[in-house]
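Worksheet: one structure, shown below.
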Ligand code: HAM
């Protein structure tokens, strides 16, 4: 878990502001749900046999309840959607479009690009099954990454089938695994029993080698899933979003149906997924709501923040360093500083009567555009010395002139 210090926070604020602005253009609205949820919510959605639920949740008992820090936010958003009967707002062609920004918690092995408290920007589209939902939402985040200056990215797309075709595939895969599983790692032996599709998630070399010949979901997709997948790709082509098919794309969560995707980025090392998501038709119903389809993704903010090029970030600076000289100057300067701040100008000044040199040094450190000198003479004449710290030019100016100058 990391502290995000003031020097880094500008990057985060920039990312958040760009996201809010861009997503709102697509009709997405923000939702904020609690950090804590009933543990059972995640077992029923992310999956009791998933790594996340089996070993990565921060879970504790309070009273008679088992509660967990959210490891992800799709299930909480769906819970809230159901709890507040928001399906009433949904009409054909007009799904509910939600986004969230906030921390998630997973007790994972820490490594580069992987934290135990990390942050996600996520979106959920509830109540639309048409393939355009996927294409438009992916196009939106593709556009966001471009706007942030994150260029070297790749979209991988796959389909994991649905309730009509996945059971048969699962059986075929189980049958294929049976004579081979003895040669696989302990985790895969368990996966083969509990949730065979998970074996593709394995990082052990021997297992990866063996699985190269395994049957693939793609060949078992039913006609409806196949058609849906083709339509998603066609829409993406129309929108000009380049994509590659990844027939082995497995996601670490059980709720996915049909489309799954990830966007990977160069420059992140082994943990190169900047975001991932997919369709989760069936989840709303599974969690006690009406039979409404869903689709969404979440982006790792640490990873995104790291990739924003420095030149995209707005410079952090102060408009004015107020240099107060002598006790009288200092006393008068406090009032002047407040009047300037009320006019929308950022002002920093020492809370103590410090030597001129120390005050100028600080002005440099906070990247002030101007230094404003307030001493006994200036107070008497009502005219202040304003120095442009970029050009070095200095002028004498009264308060009205000062405000007019600084506001431009
Ligand atoms: P996820 O693939 O588990 O999906 O996480 C999404 C993204 O969060 C990852 O691609 C990665 O960038 C970031 N991430 C995940 N774990 C960590 C970690 N330990 N440290 C740093 N970053 C991490 C979900 O969470 C789904 N809820 C996404 C979704 C929304 N699917 C449908 N709707």
*Among 301, 349, 57, whose mean-square fluctuation peaks in a Gaussian network model of the chain (Cα, cutoff 10 Å)?*
349
_Can you tell me the orientation of helix 166-177 relative to the chain, as the angle in degrees between its alpha-carbon axis and the longest Cα principal axis, to the nearest 10?_
70 degrees
*Roughly how many nanometres apart are two label points built 7 Å out from the Cα toward the Cβ at residue 8 and residue 361?*
2.9 nm
*asked:* Modelling each spin label as a point 7 Å along the Cα-to-Cβ direction, I'd like the residue 286/residue 214 distance in nm, to one decimal.
replied: 1.9 nm
*Helix 131-147: angle to the longest alpha-carbon principal axis of the chain, degrees 0 to 90, nearest 10?*
30 degrees
*For the range 22-93, what are the per-bin percents of Cα-Cα distances with bins 10 Å wide, up to the bin holding the maximum?*
17, 42, 27, 13, 1
*Just rank 250, 374, 347, fewest to most, by other beta-carbon atoms within 10 angstrom.*
250, 347, 374
*Report, largest value first, the span of the C-alpha coordinates of the range 160-204 along each principal axis, in whole Å.*
30, 20, 13
*Between residue 312 and residue 238, what is the label-to-label distance in nm when each label sits 7 Å out along the Cα-to-Cβ direction?*
2.8 nm
*If you average the sequence gap of Cα pairs under 8 Å that are 6 or more apart and divide by the length of the range 176-270, what percent do you get for the contact order?*
24 percent
*May I ask what percent, to the nearest 5, of DSSP beta bridges between residues of the chain are antiparallel?*
80 percent
*According to the Kirkwood expression over distinct Cα-Cα pairs, how big is the hydrodynamic radius of the range 253-317, in Å?*
14.1 Å
*asked:* What value in Å³ per residue do you get for the convex hull of the alpha-carbon atoms in the range 97-175?
replied: 180 Å³
*Against the longest principal axis of the chain, how steep is helix 223-239, in degrees 0 to 90 to the nearest 10, with axes from Cα atoms?*
30 degrees
*Can you give me the pair-distance distribution of the range 139-188, C-alpha pairs, 5 Å bins, whole percents?*
4, 14, 14, 10, 11, 11, 9, 12, 11, 2, 0
*asked:* Please list log₁₀ I(q)/I(0) at q = 0.09, 0.10 Å⁻¹ for the range 140-283, using the Debye equation with identical point scatterers on the alpha-carbon positions.
replied: -0.31, -0.38
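Would you list 145, 275 from fewest to most Cβ contacts within 10 Å?
Values: 145 20, 275 26.
By the 10 Å Cβ count, ascending: 145, 275.
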*asked:* Between residue 187 and residue 342, how high is the FRET efficiency from 1/(1 + (r/R0)^6) when r is the Cβ-Cβ distance and R₀ = 60 Å? Nearest 0.05.
replied: 0.45
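With the Cα gyration tensor of the range 26-169 giving a ≥ b ≥ c as the square roots of its eigenvalues, does the rule (a/c under 1.5 for rounded; else a/b larger than b/c for prolate; else oblate) give rounded, prolate or oblate?
Values: a/c = 1.44, a/b = 1.23, b/c = 1.17.
Rounded.
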_For the range 238-366, diffusion coefficient by Stokes-Einstein and Kirkwood Rh (Cα), 37 °C, 0.692 mPa s, µm²/s_ = 161 µm²/s
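I need the Kirkwood Rh of the range 66-119: take the reciprocal of the average 1/r across all distinct C-alpha pairs and report it in angstrom. It would help to have the intermediate numbers written out before the result.
Working: mean 1/r = 0.0746 Å⁻¹.
Averaging 1/r across every pair of different Cα atoms and inverting gives 13.4 Å.
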_Likely footprinting exposure, 19, 33, fewest C-beta neighbours within 10 Å first_ = 33, 19
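Roughly what percent of Cα-Cα pairs across the chain reach past 42 Å? Don't skip to the end; give the middle numbers.
Details: 26012 of 83028 pairs.
Beyond 42 Å sits 31 percent of the P(r) for the chain.
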*For the range 310-406, just the Cα atoms, rotate onto the principal axes and tell me the three extents in Å, largest first.*
44, 28, 25
*Consider just the alpha-carbon atoms of the range 220-273 and return their Rg together with their Dmax, both in angstrom.*
13.1, 39
*asked:* What is the distance in Å between the Cα centroid of the range 117-138 and that of the range 337-377?
replied: 47 Å
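Bear in mind that the values in this text are calculations on the coordinates, not laboratory data. Small disclaimer: the values here were computed from a predicted structure and weren't measured. FYI the Cβ positions are ideal-geometry reconstructions off the backbone, even for glycines, and counts take in every protein chain you see.
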